[in-house]
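The values are calculated or read from the model by the stated rules, or taken from the named source; none is laboratory data. Quick caveat: nothing in here was measured; it's all calculated off a predicted structure. Counting neighbours? That spans all protein chains shown, and the Cβs are built from the backbone with ideal geometry, glycine included.
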Amino acid sequence: MELKPTHEVHARRFSRNFGVAVTLLGLVAVVFGLTVVKVKRSGGEMQAFDHVVRPELTEVAQ
Amino acid sequence: MTEISVNATHEYEPTFGDYVALLKPRVMSLVVFTALVGILVAPSGLHPVEAFAAILFIALGAGASGALNMWYDADIDAVMRRTAKRPVPLGRVAPGEALAIGIALSGISVVMLGLATNLFAAGLLAFTIFFYAVIYTMWLKRWTPQNIVIGGAAGAFPPMIGWAAVTGDVSVASALMFALIFMWTPPHFWALALFMKSDYDDAGVPMLTVTHGRPSTRRHILAYTVLLAPVPVWLALTSVGGPVTLAVAVALNLWFLKGAVQIWRRDEVMAEADGYKVEKAFFRFSLYYLFAHFGALLIDQALGLAGWA
């Protein structure tokens, strides 16, 4: 005998949690995609190396 | 020894599918399609990611108003066969939860549409949700037999919102897309009311069939179908229409008018005798009618034939 049989309510709860998680991840993806599109359109540069030294910035500052 | 008893009764916990059902996914499919056409036929255009987001949030707004409708109408939904299996009357989603989901999704969809496209489109979406949830559901539906006519405006806004998401304004073409769905709604729903008769009677919803009788409903179907017919023809002659739209408009409206005349000439004895065959066929045809018109606009756009007249 299974010690902790899965109650039907757990299956339903899992379905709900999984669905909400996927939906929220989808929302994050849409917001990220929109941000990229809008930043690029406004002429902003998308750089993926924010935590390294960028000599071009220091040159501009000097 | 102390006896520990566990109360094993649970309140029903909704599945994700119950939440999806709350958003009326079948209505949403029409909203998605018409909003998509509104976006694609508009001059200039959106980046594909923006267009996707716009359609997503217009659909979410429609879903939110569906959830608010199910929260408010749970009492009459429980009585009608067609709606008795909705999540709230079945007890799968608590009324308060449906209300919370409706309000939350309304806010998210309006704000996100505004951020993704422009404030005018977001304002139109907010007005649509308000119109469907408050003006139609809470006020008109239980008060006047013209509920379907005025409530139909809510379903007619999506192509106009799609257009506004691109251009930030309203035009003759977008107003005619609105008018097409607006004028189509009454004959579509009254045909349904003719053969789903006991439902609206039992729920006490003042459908035209209940308040003015069936012969009057048949006359109304004919009148609205006659008024509907010129709308898609005019649309075919605007900047978004083309020869395909015109051909579809002429053919389908002749067919639709023929059906409406048949419905008008029949009485209840004839309808009962053949199990509402004509009314059911008219209703089924009305579903294809709308998809065909908006599909024709897309074909004209894709073939570069739009704006021919």
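For the structure I just gave you, tell me whether B:Ser109 is closer than 30 Å to B:Ala306 by Cβ and within 14 Å of chain A (Cβ to nearest Cβ).
yes
Taking A:Asn17 and the conditions (1) surrounded by 12 or more Cβ atoms within 10 Å (Cβ to Cβ); (2) at pLDDT 90 or above; (3) not hydrophobic (A, V, I, L, M, F, W, C), which numbered condition does it fall short on, given that it satisfies the others?
With respect to (1) surrounded by 12 or more Cβ atoms within 10 Å (Cβ to Cβ); (2) at pLDDT 90 or above; (3) not hydrophobic (A, V, I, L, M, F, W, C), A:Asn17 is out only on (1).
With respect to the numbered conditions (1) among the aliphatic types (A, V, I, L, M); (2) touching a Ser or Thr at 6+ places or on another chain (Cβ under 9 Å); (3) closer than 18 Å to B:Phe294 by Cβ; (4) not assigned by TED's automatic domain parsing to the domain that holds B:Leu60, which one is the sole condition not fulfilled by B:Leu194?
Among (1) among the aliphatic types (A, V, I, L, M); (2) touching a Ser or Thr at 6+ places or on another chain (Cβ under 9 Å); (3) closer than 18 Å to B:Phe294 by Cβ; (4) not assigned by TED's automatic domain parsing to the domain that holds B:Leu60, B:Leu194 violates only (3).
Report the residue count in region B:199-214 for those that are in contact (Cβ under 8 Å) with a residue 24 or more places away in the chain, out of contact with any Phe, Trp or Tyr (no Cβ under 9 Å at 6 or more places or on another chain) and not β-branched (Val, Ile, Thr).
7
Can B:Ala292 be described as under 13 Å from B:Val37 (Cβ atoms), at pLDDT below 95 and in the same structural domain as B:Met177 (by TED's automatic domain parsing)?
No.
Taking region B:257-287, which residues are touching a Ser or Thr at 6+ places or on another chain (Cβ under 7 Å) and either buried (at least 21 other Cβ atoms within 10 Å of the Cβ) or more than 18 Å from B:Trp190 (Cα to Cα) (or both)? Let's see the steps before the verdict.
Residues of region B:257-287 touching a Ser or Thr at 6+ places or on another chain (Cβ under 7 Å): B:257, B:260.
Answer for region B:257-287, where residues must be touching a Ser or Thr at 6+ places or on another chain (Cβ under 7 Å) and either buried (at least 21 other Cβ atoms within 10 Å of the Cβ) or more than 18 Å from B:Trp190 (Cα to Cα) (or both): just B:Ala260.
Any residue at all in region B:143-166 that's closer than 27 Å to B:Leu40 by Cα, within 14 Å of chain A (Cβ to nearest Cβ) and of a type in the set (A, V, I, L, M, F, W, C)?
yes
If I ask for residues that are more than 14 Å from chain A (Cβ to nearest Cβ), modelled with pLDDT of 95 or more and surrounded by fewer than 23 Cβ atoms within 10 Å (Cβ to Cβ), which ones from region B:43-72 would you list?
Residue satisfying the conditions is B:Tyr72 alone.
Test B:Leu235 against the stated conditions and say whether it is touching a residue at least 24 places away in the same chain (Cβ under 8 Å) and surrounded by 15 or more Cβ atoms within 10 Å (Cβ to Cβ). Show your work before the answer.
Working: touching a residue at least 24 places away in the same chain (Cβ under 8 Å): yes; surrounded by 15 or more Cβ atoms within 10 Å (Cβ to Cβ): yes.
When the stated conditions are applied, B:Leu235 passes them.
Quick one: in region A:21-43, of everything that is closer than 16 Å to B:Ser109 by Cα and of a type in the set (Val, Ile, Thr), which residue is farthest from the other protein chains (Cβ to nearest Cβ)?
For region A:21-43, the residue satisfying everything is A:Val28.
Here's the yes/no breakdown for (1) in contact with a Leu (Cβ under 6 Å, 6 or more places away or on another chain); (2) aromatic (Phe, Trp, Tyr); (3) under 23 Å from B:Ala51 (Cα atoms):
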site: B:Phe130; (1), (2), (3): no, yes, no
site: B:Lys141; (1), (2), (3): no, no, no
site: B:Gly152; (1), (2), (3): no, no, no
site: B:Ala156; (1), (2), (3): no, no, yes
site: B:Met160; (1), (2), (3): no, no, yes
site: B:Phe178; (1), (2), (3): no, yes, yes
site: B:Ala203; (1), (2), (3): no, no, no
site: B:Val231; (1), (2), (3): yes, no, no
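Being assigned by TED's automatic domain parsing to the domain that holds B:Phe57 and either touching a residue at least 40 places away in the same chain (Cβ under 8 Å) or in contact with a strand residue (DSSP E or B) (Cβ under 6 Å, 6 or more places away or on another chain) (or both) is the requirement here; does B:Ile161 meet it?
Answer is yes for this residue.
Identify the residue in region B:296-309 that is in contact (Cβ under 8 Å) with a residue 40 or more places away in the chain and assigned to a helix (DSSP H, G or I) and, among all such residues, is nearest to B:Met196 (Cα to Cα).
B:Ala296
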